[in-house]
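Reading through the structure tokens given below for one structure.
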Amino acid sequence: MKALGLLLFGIFLTVSSAYGQKTCTIEGDIQNSVLFTGAKVRKGAKIIDSVLMPGVEVEENAVVTRALVADNVKIGAGAVVGDAKSEHIELISKRVKGVE
């Protein structure tokens, strides 16, 4: 891992038009999104047009699109949240289970 500014990045990632606060861990892809302190995005996960509040964890291969994810919510591995075609932002305030 290498430190870049205030973010902690993993090896496998793409970051485009994103803003993150200190101590974020990013191993997945981030596009047009904001990540707050302590947010974690694991390998293969995608965050698109979304906001992750403090302490949010997005597990491997999950996809979060056009969503506001509340503090300390966990998005499970392989879960899909939100819809790119929606004109509304989805509020996620509870844990989302991944694919089992």
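Before we move on, is N72 out of contact with any strand residue (DSSP E or B) (no Cβ under 7 Å at 6 or more places or on another chain), at pLDDT 95 or above and surrounded by fewer than 18 Cβ atoms within 10 Å (Cβ to Cβ)? Give the derivation first.
Working: out of contact with any strand residue (DSSP E or B) (no Cβ under 7 Å at 6 or more places or on another chain): yes; at pLDDT 95 or above: yes; surrounded by fewer than 18 Cβ atoms within 10 Å (Cβ to Cβ): yes.
Yes, satisfied.
How about segment 40-100: which strands (runs of 3 or more DSSP E) wholly inside it have at least 2 residues that are of a type in the set (V, I, T) and under 11 Å from the mean Cα position of the chain (by Cα)? Lay out the reasoning, then the answer.
Details: elements: 46-48, 63-65, 67-69, 90-92.
Of the strands (runs of 3 or more DSSP E) lying wholly inside segment 40-100, those with at least 2 residues that are of a type in the set (V, I, T) and under 11 Å from the mean Cα position of the chain (by Cα) span 46-48, 63-65.
Can you tell me which residue in segment 26-39 is nearest to the chain's Cα centre (by Cα), limited to those that are more than 22 Å from H88 (Cβ to Cβ) and β-branched (V, I, T)?
I26
Name the residue that is surrounded by the fewest Cβ atoms within 10 Å (Cβ to Cβ), counting only residues in segment 82-100 that are of a type outside the set (D, E, K, R) and within 23 Å of T23 (Cβ to Cβ). Give the derivation first.
The first filter runs over segment 82-100 and keeps only residues of a type outside the set (D, E, K, R), leaving 82, 84, 86, 88-89, 91-93, 96, 98-99.
Subsequent filtering for residues that are within 23 Å of T23 (Cβ to Cβ) retains 92-93, 96.
On the way: I92: 21, S93: 10, V96: 18.
Only one residue tops the list, namely S93.
For the list (1) touching a Cys at 6+ places or on another chain (Cβ under 8 Å); (2) part of a strand (DSSP E or B); (3) among the β-branched types (V, I, T), I need the number of the one condition that I30 fails.
(1)
The values are calculated or read from the model by the stated rules, or taken from the named source; none is laboratory data. Remember, predicted model here, so these are calculated numbers, not experimental data. Cβ sites come from the backbone with ideal geometry, for glycine too, and all protein chains shown count toward neighbours.
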